[in-house]
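A short write-up of the structure that comes next.
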Amino acid sequence: MKEFLWKNQMSYMVGMQGLLGREYKSSAVRSIVGPQISAGPAHYTHDETQVWWPKVLDFWKVKPVTLFSDATLANGKPAKTIDLNDLVMVKEFQMNPTDSPFYYNSAYMKYGTFLMSATQKDALLGFKLMWPFRPDEGYLAKKVYYSVDIWDPVKKVWTQWLDKTMTYQQSEELTVQKGKWQVANIQIKAPHSGTYRFTLGTGGNLSSLCNPTYDPVTNHYSEPIGFTFYTDAEGLTQSEVYVYIPKGTKSLDLDVWDLGKDKTLVLYTGLPSSGLKESRKVDIGAIGTYTILLQPGEDGSFASFRGNNFSFPFLYSVPMLWAKSPTALLVPRSIAEADKLTAVPSPTGK
């Protein structure tokens, strides 16, 4: 926002409910502001903005960060030239458990959205979205709408395959160890190889979003599959999430944007195939921008995020790709090739 206003050099009125409630203990805007509330235009000119804009720049100082697009991969390839949506599952990432549910209130939090990849026609795609079935508390059966887009590696655009206004799965009641739940079970076959982007509509609160191999009755995943998130999603308190740090990365640069406070970054060395070892922990509980210089061996490995509540930070120096386990994490093919990682076929669910 700061950079946007600096470039446009104009200012506009925004909602002041938070300021009024915190500072004035009132929502009566007109009585607080006075008669000038309706005087003059709804925005300020460039010259008027310049009078006070230096104070904004002084208060919100820009902190330089390292961008992944400016990096060079381990094989010398410029990062800005690679296709970040050409994703593969990696053999060296596989470990147990193969995945873990993502917990969020799907009735009102940001839409669930994730990526899957297919290495061949008829590869397994889909998800399970489940929530407690408590009719007396408003936790009801629902139609879960969803869309699927396919990445076009030639045109570099997403093309729609399934339309969310037309595609849905009715949830069904299922009794598991935790009691009665509503489960929307979506299992579909890929029409061809490629990367697939799912966007979900609303479900119920206290939802578990799982990959399609998950069995709610046994609480078991039948086989490894890529199931990767790519947004600054919000959720409930849950187990840690993982990102991969490509070889040659010098620092992990990120923005913590929520006020959760209890948040820890864990850095590792090694890979699951050779022994993933915790290297150190960094407190990132305060809101703001972090530049964390990496120690030898922490590149070419993982970082994870732990804490109460869940708001995924914005990543600058590594791709914005994360998963609930290393196994489920998809990475760009070019990074896998540069770091000498082994791409594996996608399961068909047979």
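Brief remarks on what is shown
- Rounded to two decimals, the Cα radius of gyration of segment 156-228 over 2.2 N^0.38 Å is 1.26.
- Applying 1/(1 + (r/R0)^6) with r as the Cβ-Cβ distance of S69 and K340 and R0 = 22 angstrom yields a FRET efficiency of 0.50.
- Difference of contour (0.36 nm per residue) and Cα-Cα distance, I32 to Q120: 25.3 nm
- Average accessible area per residue (Å²) across the chain - probe 1.4 Å, nucleic acids and ligands excluded: 52 Å²
- Extending 7 Å from the Cα toward the beta-carbon at both K164 and T237 defines two label points whose distance is 3.0 nm.
- Electrostatic dipole magnitude of the chain [Cβ: Lys, Arg +1; Asp, Glu -1; Cα centre; debye, to 20]: 80 debye
- Mean residue ellipticity (222 nm) of the chain, computed from DSSP H runs ≥ 4 via -39,500 (n - 2.57), nearest 500: -2500 deg cm²/dmol
- Label zone at K178, where the point sits 7 Å out along the Cα-to-Cβ direction: segment 240-275 residues whose backbone N lies under 16 Å: 240
- For segment 119-181, convex hull of alpha carbons as volume per residue, Å³: 133 Å³
- Label point distance in nm, T264-Y108, each placed 7 Å from Cα along Cα→Cβ: 3.1 nm
- Highest-MSF residue in the chain out of E234, E23, E137 [GNM, Cα springs under 10 Å]: E23
- In summary, the aspartates and glutamates within cross-link reach of K263, defined as a Cα separation below 20 angstrom excluding same-chain residues under 8 places away, comprise D232, E234, E240, D253, D255, E278, D283, E298.
- Orientation-averaged projected area, Cα convex hull of segment 178-270 (nm²): 9.5 nm²
- Degrees, to the nearest 10: 46-59 long Cα axis against longest axis of the chain: 60 degrees
- Estimated FRET transfer efficiency (K189, V62; beta-carbon r; R0 35 Å; 0.05): 0.15
- Gyration tensor (alpha-carbon) shape descriptor, segment 262-350, a/c threshold 1.5: prolate
- For the chain, the direction-averaged projected area of the alpha-carbon convex hull comes to 22.1 nm².
The values are calculated or read from the model by the stated rules, or taken from the named source; none is laboratory data. All of these numbers come straight from a predicted model, not from anything done at the bench. Every residue, glycine as well, gets a Cβ built from its backbone with ideal geometry; the counts of neighbours run over all protein chains shown. Just the protein is used for accessible areas: all its heavy atoms, side chains included, with ligands, DNA and RNA removed. Shrake-Rupley method; radii C 1.70, N 1.55, O 1.52, S 1.80 Å.
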